[in-house]
1. Residue by residue through B:72-79, how many Cβ atoms from other chains fall within 10 Å of the Cβ on average?
2. With 10 angstrom as the radius, rank D:104, A:142 by how many other C-beta atoms surround their C-beta, starting from the fewest.
3. Please report, for residue C:52, the nm distances (one decimal) from its label point, 7 Å out from Cα along the beta-carbon direction, to the equivalent points in the remaining copies, shortest first.
4. When the Debye formula is applied to the Cα atoms of the stretch D:161-224, each taken as the same point scatterer, what base-10 log of I(q)/I(0) results at q = 0.14 Å⁻¹?
5. What spacing in nm lies between the two simple spin-label points modelled at residue B:280 and residue A:102, each 7 Å away from Cα in the Cβ direction?
6. When only alpha-carbon atoms count, how far does the stretch A:54-178 stretch along each of its three principal axes, as whole angstroms with the largest first?
7. Determine the sum of side-chain charges near residue A:72: Lys and Arg each +1, Asp and Glu each -1, restricted to other residues whose C-beta is under 11 angstrom from that of residue A:72.
8. Find out how many positive minus negative residues lie around residue B:280, taking Lys and Arg as positive, Asp and Glu as negative, among other residues whose Cβ is under 11 Å from that of residue B:280.
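Since every read-out is calculated from the coordinates, none of them should be taken as a lab result. What you are looking at is a predicted structure, and each value in this text was computed from that prediction instead of being measured. Here Cβ is always computed from backbone atoms with ideal geometry, including for glycine, and neighbour counts include all displayed protein chains.
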Protein chains: 4
Amino acid sequence: MEKNNLRVPGFGRRGFLSGSSLLLTGALLGASEEMEGEPEPVAATPQDAPQTKETLLADLVTANHILQDQGVVDGYGHVSVRNPTNPNHFYISRWLAPDLVTPSDIVELDLDCVPVNGDTRKLYSERWIHSEIYRVRPDVKSIVHTHAPTVVVMGTIGEPLLPVYHMGGFIGTGLPTFDIRKSFGMTNMLINDAPKGKALAQTLADRPGALMRGHGGITVGNSIMHSVGRSVYLKINAEMHLQAGGRKIETLAPEEARLAEAGNQEFPKDWDLWKRQVMAKK
Amino acid sequence: MEKNNLRVPGFGRRGFLSGSSLLLTGALLGASEEMEGEPEPVAATPQDAPQTKETLLADLVTANHILQDQGVVDGYGHVSVRNPTNPNHFYISRWLAPDLVTPSDIVELDLDCVPVNGDTRKLYSERWIHSEIYRVRPDVKSIVHTHAPTVVVMGTIGEPLLPVYHMGGFIGTGLPTFDIRKSFGMTNMLINDAPKGKALAQTLADRPGALMRGHGGITVGNSIMHSVGRSVYLKINAEMHLQAGGRKIETLAPEEARLAEAGNQEFPKDWDLWKRQVMAKK
Amino acid sequence: MEKNNLRVPGFGRRGFLSGSSLLLTGALLGASEEMEGEPEPVAATPQDAPQTKETLLADLVTANHILQDQGVVDGYGHVSVRNPTNPNHFYISRWLAPDLVTPSDIVELDLDCVPVNGDTRKLYSERWIHSEIYRVRPDVKSIVHTHAPTVVVMGTIGEPLLPVYHMGGFIGTGLPTFDIRKSFGMTNMLINDAPKGKALAQTLADRPGALMRGHGGITVGNSIMHSVGRSVYLKINAEMHLQAGGRKIETLAPEEARLAEAGNQEFPKDWDLWKRQVMAKK
Amino acid sequence: MEKNNLRVPGFGRRGFLSGSSLLLTGALLGASEEMEGEPEPVAATPQDAPQTKETLLADLVTANHILQDQGVVDGYGHVSVRNPTNPNHFYISRWLAPDLVTPSDIVELDLDCVPVNGDTRKLYSERWIHSEIYRVRPDVKSIVHTHAPTVVVMGTIGEPLLPVYHMGGFIGTGLPTFDIRKSFGMTNMLINDAPKGKALAQTLADRPGALMRGHGGITVGNSIMHSVGRSVYLKINAEMHLQAGGRKIETLAPEEARLAEAGNQEFPKDWDLWKRQVMAKK
């Protein structure tokens, strides 16, 4: 069982936290879906103390397993996290199916996707999804790339994906759809170089995620827990949209979505549950 | 394995019973789905003898696990039971994902959601769903709050959810849909204070459940087993409605629904099966 | 592991066989889906030797577990088999969820549903589904009653369920739908007495199964394996129909269905697979 | 755990490789979905060295288990591989549900489906699907026959199945649908002799797969890994098509599909993941 790092600070767009750390902080500050505000008698930890690299990478490994268990990724798809001590670097697994990822598989890349430590192992060709978004989005600390079927479908039917319920609040007034053909003509659909990554980042703009026509989607967040939570609820929200079978859905009003998102920061209770589920299967 | 409390009586809207007790009583009285009436030679137990607090809380814990296993709740959602010895109190878990709940996590609240025993642990912000319904519905002994996707969808497409089959009989001529916007304008969709709880209870009226637009739903019952059974069949019935894909469904006539419900009181066989399934996974 | 009874005969509408026995016979005679005809060098067994009561009841127990594992039944639903030595009796579990059934739970009833051996244990109130079909269908040796959701839905949308593929061949030109309201007005939908059983049997006529509006369905067969196989493929075929979402389906022509069914007698390979799957979970 | 045969070469349409061998080669050559090209420091192996019969049959066994685990086959369906040392022979299991297949169950047949070694065990009646395609398609090294429900449905609704996303690139501009009635009138739908096999092969032409109306489908490939990967993505792509519920789908342009397919040769990462999943269940 992973040992939770209790030296964990605040949360928000300034620093970022591991899932388990944030859960604790969430408990401290009431930063759960339910914006409690009630005090919680647990051991206090200093606010905004950076977590260790070791626990960060442990959370990245867990994220890979959670995403596979939750059906967000399968043999394809990936998750990364920005290096908290050097914003021009990020961590991601080497080329490997997510369920296999262990801490020794994590590589550190710069924003040109060059391995920082001379690592020569094979990398995901779509690493430019990550580098180019980190380049232009200083607020983003973690990114998930998904091939979940319902997310793929939503990128192809020309209907906006809107929040069906409060857990999808971050979807707001909709997510942009990146269509690689617009800028690059006929391709194999992959974001396998810097120009394509830049184009995707441009489509993403300041939004929490984007659909990718004929490919899948991405979500971004303040932390691993945040991007992972958003990717799961993106998938669930897409499923709900398709279950409605073309009927008109009374989706959240923009202000409801905004308020709901504010109450769902980071999804700590989900992370904890999903982590338990993957650990039970080891 | 839980030890069944055999000191358990009849059933009905006056007292209430743990799932396992009710099963036995159901066997005694033929109060199964199938309104048998045949005598069953088992040890007699006194009618309406209250069960112990210990077995009640054990059933509440089991209910949490069943609901998670059945997909009625995930990281979110909750179940409560009214205190049989003090109708102004109810039991619910502290703020925790349902699969983690153990007897020591159960707190006792009054109808203002104040912990009875000075418990200072964090609570569900939506505890007012429970308190305000117990306040105005003396017949209700247990409440389940769900985010099951098909139930969420049914609350957004403007079509009445009617009983597709006899196990959904309690749905009767339909369930009310609570839309928080009508009374509270733009919110984060959560029932996180007494006024919102009262509004939901008002929409619920005397019905067995309600949908909550953009959020999920609730079911109520005579007992834990009753509210839990209803929540599962609400989900299944919603799935069936959506599987029909917009076609006209020949749903139960109101009288059929009423008669079917009378035969499905408490769902004892289901509870037993679902409990076995969660215990097998421990 | 169950010991296969090798004293097993032919197959067809005259006698009937346990699943495993039939598999062997199927291998002998090529009576598989694939109408092989190739000789199989296994130990020969005498044709039409009746199996033992012990192996028959073991197969009935296995059928209960298979049906629950395959989603044909849940807490509700049941399977029975006619007594090969007395056609006016049949075997069925006492009132119990199918996953719990063991050989000692099997009761023997006559066609008035009176226990043959003075058994006083509680019975399924819908046992008249079985008795009344056995009464008028001498060819039927086993019956399954299902609440599978897609089967329920197909009984309510007014579209004929036709064979989408060859494994559904037995559906032929469609199955009748029993609507209890036509003969009995408003009821709780249950077949809980002889008149209702007779009405259902009348609707079933000489067909391999029937839908029951607002309730579920039934399948019948030459053997346990046959009725069980048909119930699973009824469910799958209903799923396919609903997946097509209202589009026109090019279903099997009546002659194709007839020929396909002839090649799928008894589903021996399926029974064996499904039995392996339930045994692996014990 | 299977011992990987490292004596493995390049890939392409000339020779063919076991799944694990190809993975390694894929790593060597960057022949993954993501067309990497980066060097990978692993033990070099000679290009195009044929693997052993033992490892080939081990991969065929694994393929059977993967296909059952992935829902491509159930009690029915099969996979074969051409003999790399004699193109007029192929390997396939004897008549057996795929989950049971072990190396000793593999038989070697010639293109008239005659067992090469005098094996007298019962065979799949649809072995002519395999023999007749091998006969006219020298490029094909492996074939999968599926009854996956969504694939069955796609063969009956008269809508072309097109690639919804890049993993379905091999579908190209669509797959042919074989309707047995056109050449053979009313049948039991089975490809149970050489003429029917030849007709199916004629419909397949030079395509990577075909749908079979009222029956299921087939995929072919350069290797076991290739045909298996295609069968899984055929199923997923069919699911996506049906999830779109009749809406217009912006499918891949023909050139996008072609380019995407070039990048997805052989699906090595998938094979490895699926193999891990079946081995974990043993």
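1. Per residue, the number of nearby Cβ atoms from other chains is 4 on average.
2. On the way: D:104 9, A:142 27.
If I rank by nearby Cβ atoms, fewest first, I get D:104, A:142.
3. Label-point distances to the other copies, shortest first: 4.5, 4.6, 6.4 nm.
4. The Debye formula, applied to the Cα set alone, gives -0.43.
5. For residue B:280 paired with residue A:102, the spin-label model returns 3.3 nm.
6. 45, 29, 26
7. With Lys, Arg at +1 and Asp, Glu at -1, the neighbours total 0.
8. Here the count lands on +4.
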